[in-house]
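Laboratory data are not the source of any read-out in this text; all were calculated from the coordinates shown. The structure displayed is predicted, hence computed values, not measured ones. All Cβ positions, glycine included, derive from the backbone under ideal geometry; neighbour counts span all protein chains shown.
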Amino acid sequence: MTLSIITINFNNLDGLKATRQSILAQTYKDWEWIVIDGGSTQGDREFIEEHQSETAYWCSEPDRGVYHAMNKGIAAAKGDYFIFMNSGDTFYDIEVLTHVFKQLRTEDVLYGDWVQVHPNGETSLSLAPKVFSLHFICSDNICHQAMFLKGELMRQSPYDESFRLYADWAKWIQWALNGYSFCYIPVTICAYDMGGISVTQKALIIKEHKRLQTDIIPTAMRTSLNEMQRLYKIINEMHPLVLEASRLIEKKKLFKKIIHTAIRLCHIFE
C-alpha cells in the first residue's frame with residue numbers, strides 16, 4: 001500500500017534533517033514524501049531543493065497556519081494512507097512502516113503508541129487506547145504523528161482551518177460519531193517533538209478545547225442523533241435492544257457510552 005508522508009516545516013532545518021533521515025531509513029519503501037515549507041529563511045528551502053529528488057512534491061511559501069499547510073499536503077498527496085510527520089518528528093525505529101503495513105489494511109484510521117520528546121531532552125512513552133471509543137476521544141486525543149489516515153477520506157474532508165491546534169481532534173470526534181473504523185496497532189509509531197505551539201500557547205489551548213466541548217461535540221452528537229432516529233424508524237422491529245436505545249434517547253439520556261453503543265448498533269443493523 002502506498003503511504004504519503006507529509007512534513008510541515010518552518011525555520012527548523014535541524015528538525016527537517018532528522019525527519020528526512022528517519023523516513024529514508026525505513027525498511028518499507030512504498031511511500032512518497034510531501035514537504036510543505038512555510039517560506040523559511042534559514043536554509044530550509046535550499047536543503048529541500050538539494051534533496052528534491054526524494055520528494056513527490058514540495059513547496060516553500062507563506063501559509064495561513066499549520067492546518068492550511070497540512071491541507072496543501074493533502075491536496076498533493078496520492079497515497080492510500082497519510083501520516084503527518086512534521087519537522088523534528090521521527091519514526092520510532094526503522095521497522096515501523098514494515099510492522100504497520102505487513103498486511104493489507106482497510107480501516108479508516110490506524111494508530112499506535114508514541115514517545116514524547118520534551119524540550120529538556122527527556123522522553124516518555126504514551127500508550128494509545130487499545131479499543132477506540134467515543135468516550136475516550138471526547139476526553140483525550142491521540143498523537144497526530146502516531147496515526148495513519150485513509151487518503152480517500154482526507155481528500156474528501158480536509159482539516160477545518162478555523163482551528164489552530166485541534167482540527168485533528170475535532171475530526172476524530174466527528175469520524176467516531178459517523179462510525180468510521182479506528183484500529184489500534186501494537187507498535188510505537190513515532191518520537192514526537194513536544195516543542196510546538198500545541199504545548200506553548202496555553203490561552204489558545206484553553207480556547208480551542210472549550211470550543212471542542214461546547215461546539216464540536218454537541219453539534220456532532222445532534223447530527224448523529226438525527227441519523228439514529230431515522231434508522232430506528234426503519235429497524236425498530238428487528239431487535240429489543242434497538243427499542244431500548246430508542247427509549248433512552250427519547251428521554252434525552254445522552255450519555256456518551258449510550259450514544260456510542262447506539263451508533264455502533266445502528267451500523268450493525270443498517
Zone of residue 2's modelled label, taken as backbone nitrogen in region 143-165 under 13 Å from a point 7 Å along Cα→Cβ: 151-152
What are the extents of the Cα atoms of region 110-175 along their three principal axes, in Å, largest first? 38, 27, 22
In nm, give the distance between the simple-model label positions of residue 183 and residue 141, each being 7 Å from the Cα along the Cα-to-Cβ direction. 2.5 nm
Sort 110, 104, 125 so that the residue with the fewest other Cβ atoms within 10 Å of its own Cβ comes first and the one with the most comes last. 104, 125, 110
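Looking at the square roots a ≥ b ≥ c of the eigenvalues of the Cα gyration tensor of region 1-133, which shape do they give, rounded for a/c under 1.5, prolate if a/b is larger than b/c, or oblate? Please report the intermediate quantities before stating the final value.
Details: a/c = 1.62, a/b = 1.33, b/c = 1.22.
The shape class here is prolate.
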Assuming 0.36 nm per residue, please report the length gained on full extension of the stretch residue 131 to residue 14 beyond their Cα-Cα distance. 38.5 nm
Sites residue 123 and residue 215 - FRET efficiency at Förster radius 30 Å, r taken between beta-carbons, to 0.05: 0.30
Taking the beta-carbon count within 10 Å as an exposure proxy, list 161, 152 from fewest neighbours to most. 152, 161
